[in-house]
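Here's the structure we're looking at; comments come further down.
The values are calculated or read from the model by the stated rules, or taken from the named source; none is laboratory data. Source: prediction; values computed, not measured. In this analysis, Cβ positions are derived from the backbone assuming ideal geometry, glycine residues included, and neighbour counts consider all displayed protein chains.
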Amino acid sequence: MSFYRISNADKYRTAYQQSVEHPETFWSDIAGHFTWRKRWDKVLEWNFEQPDIKWFRNARLNITENCLDRHLADRGDQPAIIWEPNDPTQANRTITYRELHAQVCKFAHVLKNNGVGRADRVCIYMGMIPELAIAILACARIGAIHSVIFGGFSARSIADRVQDAGAEYVITADGAFRGGKVIELKSVVDDALEQCPFVKRVIVYSRTDTPVSMIQGRDVWWDDELENVHNAGYADFPAEEMDSEDPLFILYTSGSTGKPKGVVHSSGGYMVYATYSFVNVFQYNPGDVYFCTADIGWITGHSYIVYGPLCAGATTVLFEGVPTWPEADRFWEIVDKYKVNILYTAPTAIRSLMAHGTGPIEKHDLSSLKVLGTVGEPINEEAWQWYYENIGKGQCPIVDTWWQTETGGILISNLAGVTPHKPAHATLPLPGVQPILVDDKGNEITGNGVAGNLCIKFPWPSILRTTYGDHERCRQNYFATYPGLYFTGDGCLRDLEGNYRITGRVDDVLNVSGHRIGTAEVENAINMHSGVIESAVVGYPHDIKGQGIYAYVILDSHHHDEKLTRLDINQTVSRLIGPIAKPDQIQFVTGLPKTRSGKIMRRILRKIAEGETENLGDTSTLLDPTIVDEIKNGKL
Ligand code: PRX
């Protein structure tokens, strides 16, 4: 098995040029490195107006044959997953490709026995244990569409997703260990499913021995079901043959308005792009041990813990815990213990570990590291330098990978050791990716040393195909702002050498510790609290989280204990969305800066939250300009 490799800067340039001039040849060549049941009759058909995008038309495949079956001959005994438990004194687990194949097949039988079929939606709410990867792959094996829900989301968020996806099946665990805490997953699922009476089956894995209520006729234990399969003598599970464009999964993500959207990814195009980008960005070599610290509940975990690395036949490290428990050296301990070669993490994790100094690093041998990566938010130069010097010892290229849930894979990044890194810059597009910058009217901004809104003008194989159940929403969100272009929602600079630097969202989406949160979602949650009349939420720079959440809240005229009310509001947001969406600052105000038409001038609120007092811009169009001084004076 070989992969399409861009191994030096010249090849990068040639590949890039070919990808623009002959995209179909370029992608056909790359797709030729995968296992297909039937090849495509056309590489690409597309228009961004609808949008209607088809990659590898009429090709047939199953992604799990690429992740598992085709490795059995050459690397059946190589570890596919190394699992490090939350508690370092507990036994770890190593699962070879052969074992993973067997377990996925068995669990595919479990799903089938429980009524799950092709195209059924299955929501998965679990901690970072191998069974999460097994559940995902088993869904893919039988052609069901998985939708993983991050383990930190609330019951209400789960209910929203299960309902939107029309998922009749849920896979969860009794609980999850995270640092010193046990998160009672099944109990949260039970609360959620009160709103989802259509759910037919909940399969529960036992991880924490947390007491749970198992509902007669609906809930079954993972282990009991496996035993049934075992007793029936089932072993292999022939993979369901999927069309290239059949949905592989749905992943919900926040936008600037309304509830989270279910981003839909395809089978063929997603597989090709996740693997191509994994191999080339990280310059993965056979035998490398690769550790991505993300959670599988987010897109990074989907593409770069599960699908990309497994398709490439890599050894992927899966870590259940948190970087700071029991000590702030967990990442470094894992790197040393498993001789990790490639480490992929988030700027927020780097910044929080920086605060612990170099002591935790000095205890460990990090010399196995060859490549470092970051993802999820802009990395500030100080954190970049710290990562480079202290973790990479000045020897490891850092790939700053820019992408999104909707893009399915990394679109802009240097290729480790192949194209140069530059602190705080994602640098260059991968071959196959055509970024452009536009002004607010959609005019292209050409040349270097310029700034604008980042769009992509040509499809790549893992672009989202739709938002589940609402194609129009997909069109409006991503393809209507600038007709003919995919709009990312990000602002971006292009430096004098043509390197891209992402500056952050230009819409009402926050990026808190690398997690996407819509301001409207947080406002809706705050407004649910009795006593709140209205609220406005903006982001502000936060040393560790990148962005913090700043809420301006108008209370009704009753006497409120402000301290308690702040806690109540936080509690409300936690219950409705999850603890990640809790405001860091809540300022009580008597009014909000609104235009005569009633629109909140967030620009002013953002500036005040950032600590700016002078240049607040034109306030003359406000209904009541005096409110600005009041808010400024009351700034926390
Ligand atoms: O604003 C960009 C930021 O994260 C957003 C995408 O968030 P999400 O869909 O949750 O996916 C995160 C993991 C891919 C983008 O619109 N972002 C992501 N990577 C970077 C980044 N900002 C700057 N530099 C990056 N490397």
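Determine if the stretch 222-240 includes at least one residue that is in a strand (DSSP E or B) and farther than 30 Å from Glu523 by Cβ.
Looking for residues that are in a strand (DSSP E or B) and farther than 30 Å from Glu523 by Cβ, one finds none in the stretch 222-240, hence no.
The single condition among (1) away from the ligand (no atom under 11 Å from the Cβ); (2) free of Cβ contacts under 8 Å to residues at least 60 places away in the same chain that Val371 does not satisfy is (2). Among the residues of the stretch 343-394, those that are more than 20 Å from the chain's Cα centre (by Cα) and aromatic (Phe, Trp, Tyr) comprise Trp384, Trp386, Tyr387, Tyr388. List every residue pair whose Cβ atoms lie under 6 Å apart, where the two residues are 6 or more positions apart in sequence or sit on different chains, the first residue falls within the stretch 147-161 and is more than 16 Å from Ile183 (Cα to Cα), and the second residue, located anywhere, is of a type in the set (D, E, K, R) and part of a loop (DSSP other than H, G, I, E, B). Close Cβ pairs (under 6 Å, with a partner that is of a type in the set (D, E, K, R) and part of a loop (DSSP other than H, G, I, E, B)) amount to Asp160/Lys259.
If only residues of the stretch 109-138 that are under 16 Å from Lys200 (Cα atoms) and in a helix (DSSP H, G or I) are counted, the one that is farthest from the chain's Cα centre (by Cα) is Asn113.
Of the strands (runs of 3 or more DSSP E) contained entirely in the stretch 243-318, those carrying at least 3 residues that are within 30 Å of Lys370 (Cβ to Cβ) fall at 289-292.
For the stretch 472-492, the set of residues classified as in contact (Cβ under 8 Å) with a residue 40 or more places away in the chain and more than 11 Å from the ligand (Cβ to nearest atom) consists of Arg473, Cys474, Arg475, Asn477, Tyr478, Phe479, Tyr482, Pro483, Gly484, Leu485, Tyr486, listed by residue number. Inside the stretch 146-182, can you point out the residues that are among the β-branched types (Val, Ile, Thr) and either surrounded by 24 or more Cβ atoms within 10 Å (Cβ to Cβ) or within 15 Å of Val199 (Cβ to Cβ) (or both)? Val148, Ile149, Ile158, Val162, Val170, Ile171, Thr172, listed by residue number. Can you tell me which residue in the stretch 605-624 is surrounded by the fewest Cβ atoms within 10 Å (Cβ to Cβ), limited to those that are in contact (Cβ under 8 Å) with a residue 12 or more places away in the chain and over 14 Å from Gly539 (Cβ atoms)? Result: Gly617. Put simply, of Gly598, Gly617, Gly591, Gly611 the only residue that is within 30 Å of Ile350 (Cβ to Cβ) and either assigned to a helix (DSSP H, G or I) or not basic (Lys, Arg) (or both) is Gly611.
Conditions tested, residue by residue: (1) part of a loop (DSSP other than H, G, I, E, B); (2) surrounded by 22 or more Cβ atoms within 10 Å (Cβ to Cβ); (3) more than 18 Å from the chain's Cα centre (by Cα).
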residue: Pro431; (1), (2), (3): yes, yes, yes
residue: Gly452; (1), (2), (3): no, no, yes
residue: Arg475; (1), (2), (3): no, no, yes
residue: Leu493; (1), (2), (3): no, no, yes
residue: Leu496; (1), (2), (3): yes, no, yes
residue: Leu510; (1), (2), (3): no, yes, no
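I want to confirm something. Restricting to the stretch 498-508 and keeping residues that are part of a loop (DSSP other than H, G, I, E, B) and modelled with pLDDT of 95 or more, which single residue is nearest to the ligand (Cβ to nearest atom)? Per the criteria, the residue is Asn499.
Can you tell me which residue within the stretch 190-205, out of those that are hydrophobic (A, V, I, L, M, F, W, C) and part of a loop (DSSP other than H, G, I, E, B), is farthest from the chain's Cα centre (by Cα)? Among those residues, the one meeting the criterion is Phe198.
Could you tell me whether Thr519 is under 27 Å from Tyr550 (Cα atoms), within 16 Å of the ligand (Cβ to nearest atom) and among the polar types (S, T, N, Q)? Against the criterion (under 27 Å from Tyr550 (Cα atoms), within 16 Å of the ligand (Cβ to nearest atom) and among the polar types (S, T, N, Q)), Thr519 qualifies. Within the stretch 309-326, is there a residue that is in contact (Cβ under 8 Å) with a residue 40 or more places away in the chain, of a type in the set (Ser, Thr, Tyr) and either closer than 14 Å to Ile82 by Cβ or crowded, with 23+ Cβ neighbours inside 10 Å (or both)? Yes, there is a match, as at least one residue in the stretch 309-326 is in contact (Cβ under 8 Å) with a residue 40 or more places away in the chain, of a type in the set (Ser, Thr, Tyr) and either closer than 14 Å to Ile82 by Cβ or crowded, with 23+ Cβ neighbours inside 10 Å (or both). Could you check the stretch 174-209 and list, in sequence order, the residues that are of a type in the set (S, T, N, Q) and within 22 Å of Asp295 (Cα to Cα)? Once the filter is applied, which keeps residues that are of a type in the set (S, T, N, Q) and within 22 Å of Asp295 (Cα to Cα), the stretch 174-209 yields Ser187, Ser206, Thr208.
Regarding Glu406, is this residue modelled with pLDDT under 95 and within 13 Å of the ligand (Cβ to nearest atom)? Here the answer is no, as Glu406 does not meet what is asked.
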